[in-house]
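Structure record follows, encoded as structure tokens.
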Amino acid sequence: MPADRLTVDVEGRALELSNLDKLLYPKVGFTKGEVIDYYTRIAPALLPHLADRALTRIRFPNGVDGGSFFEKNAPAATPGWVRAETLPAPGSSKGRDAIDYVVADDLPTLVWLANLAALELHTPQWKIGEHPDMMVVDLDPGAPAALKQCCQVALLMRDRLAEDGIAAYPKTSGKKGMQLCCPIAGTQDADDVSAYAKRIARELEQAHPNRIVSKMAKNLRRGKVFIDWSQNNAAKTTVAPYSLRAQPVPAVSTPLTWDEVEAGAAGKRPSTRPYTADEVLKRVETHGDLLGPLLEGGPVLPVS
């Protein structure tokens, strides 16, 4: 076997890992081996959020400074033990009627994906064959607004959702924005979920027109936080909690406490810099999975 390849046993599956010393985050010297190690160690918190969801990956075979590509279809030479689900692909950019999605239900699949330099993992708000069991409120700042302003809007959104009995759990995107994740009953279709999120976004825009925008036009976003309700469209995906992001450092989409969001709204961390892979592993040791309540279900959304 070549010196740059290593066969390992992961829960009874033989995986051949390669190029473990390759720099995927060259600015900070973070290697492919460290990416695989991170995903292996974070798996107990991450896998429940990936289970039964069609997985879109963004792969960076030459690191975050090299080219990347989205991948929905199971790639060539996918091991037979990797779960794949064939689902319709309306509007596919490649003209496909259906896509064979990878589903990451176990650690061997996660390690296999990490070895393919699938740094970013994105999922829809629905599980396969079911209605959405989560509503996502995506907060995207228009410069010079930044994560600080997202935290401020997150607090407003949390309080408004609470009026309808909807609990919200915050996380950073790992880039410039953040998301609020809301467990729901899973009995309403994506159109109903999206319509509710749109209505609440517009309410907050009307109440805070100098801080919030709910329309997608980018020329309206400067200095404001865009509440992207459209992330609840059935065809869209959101970065999974604990996923790495393609940044100069190995930043992670990180679950937060509401105390941390309040600190961010005051200009303290997390507004000042992202949480990295090593920090997130320590956070999970301390806090456990702050998004655990997403796995327990939630209420039916009020439909006006």
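The values are calculated or read from the model by the stated rules, or taken from the named source; none is laboratory data. Bear in mind the structure is a predicted one, so any value in this text is a computation, not a measurement. Here the Cβ is made from the backbone with ideal geometry for all residues, glycine too, and neighbour counts use every protein chain on show. Heavy atoms of the whole protein, side chains included, go into the accessibility calculation; ligands, DNA and RNA do not. Shrake-Rupley method; radii C 1.70, N 1.55, O 1.52, S 1.80 Å.
What are the lysines whose alpha-carbon lies under 25 Å from the alpha-carbon of Lys215, with same-chain residues fewer than 8 places away excluded?
Cross-link targets: Lys148, Lys171, Lys175, Lys176, Lys198, Lys224, Lys236.
Provide the per residue accessible area, probe 1.4 Å, for segment 152-241, rounded to a whole number of square angstrom.
Normalised by residue count, the accessible surface of segment 152-241 is 42 Å².
Compare the peptides 267-274, 96-103 by average per-residue count of other Cβ atoms within 10 angstrom and give them in order, highest first.
96-103, 267-274
Considering every pair of different Cα atoms, what Kirkwood radius, in Å, is found for segment 198-253?
13.1
Per residue, how much accessible surface does segment 1-54 expose to a 1.4 Å probe? Answer in Å², no decimals.
Here the residues of segment 1-54 average 52 Å² of exposed surface.
Over segment 1-68, with every protein chain in place, what whole percent of the accessible area is carbon and sulfur at 1.4 Å, could you tell me?
Looking at segment 1-68 in its full context, I get 48 percent from C and S.
Out of all Cα-Cα pairs in segment 22-126, roughly what percent, to the nearest whole number, are more than 25 Å apart?
For segment 22-126, the share of Cα pairs beyond 25 Å comes to 20 percent.
May I ask what percent, to the nearest 5, of DSSP beta bridges between residues of the chain are antiparallel?
Among the beta bridges of the chain, antiparallel pairing accounts for roughly 95 percent.
Percentage of Cα-Cα pair distances in the chain greater than 28 Å, rounded to whole percent?
Counting pairs separated by more than 28 Å, the tail of P(r) holds 39 percent.
Give me the extension gain from Ala185 to Glu296: residue separation times 0.36 nm, minus the current Cα-Cα distance, reported in nm with one decimal. Write out the running numbers ahead of the final one.
Details: separation 111, 0.36 × 111 = 39.96 nm, distance 0.95 nm.
Once the chain is fully extended between Ala185 and Glu296, it gains 39.0 nm.
Taking a ≥ b ≥ c as the square roots of the Cα gyration tensor eigenvalues, with a/c under 1.5 meaning rounded and otherwise prolate when a/b beats b/c, else oblate, which class fits segment 7-80?
Verdict is rounded for segment 7-80.
Expressed as cubic angstrom per residue, what is the convex hull volume of the alpha carbon set of segment 156-304?
Considering the Cα atoms of segment 156-304, their hull volume per residue is 129 Å³.
Quantify, in whole percent, the carbon and sulfur part of the accessible surface of segment 174-274 (1.4 Å probe; protein heavy atoms only).
49
Grab every C-alpha pair in segment 132-228, bin the distances at 10 angstrom width from 0 up to the longest one, and report whole percents.
17, 52, 28, 3
Dividing the alpha-carbon radius of gyration of segment 57-194 by 2.2 N^0.38 Å (N being the number of residues), what value is obtained? Let's see the in-between values first.
Numbers: Rg = 17.6 Å, N = 138, 2.2 N^0.38 = 14.3 Å.
For segment 57-194, the normalised Cα radius of gyration comes out at 1.23.
Measuring with a 1.4 Å probe in the full set of protein chains, what accessible area per residue, in whole Å², belongs to segment 58-133? Spell out each step's value before the answer.
Values: 3460 Å² over 76 residues.
Per residue, segment 58-133 has 46 Å² of solvent-accessible surface.
Assuming 1.567 mPa s and 4 °C, estimate D for segment 238-304 with Stokes-Einstein, Rh taken as the Kirkwood radius over Cα pairs, in µm²/s.
Rounded, D is 95 µm²/s.
Could you tell me the calculated FRET efficiency between Asp9 and Ser68, based on Cβ-Cβ distance and R0 = 35 angstrom, to the nearest 0.05?
Once rounded, the FRET efficiency stands at 0.70.
Cα axis of helix 190-207 to longest principal axis of the chain: angle in degrees, 0 to 90, nearest 10?
The angle comes out near 50 degrees.
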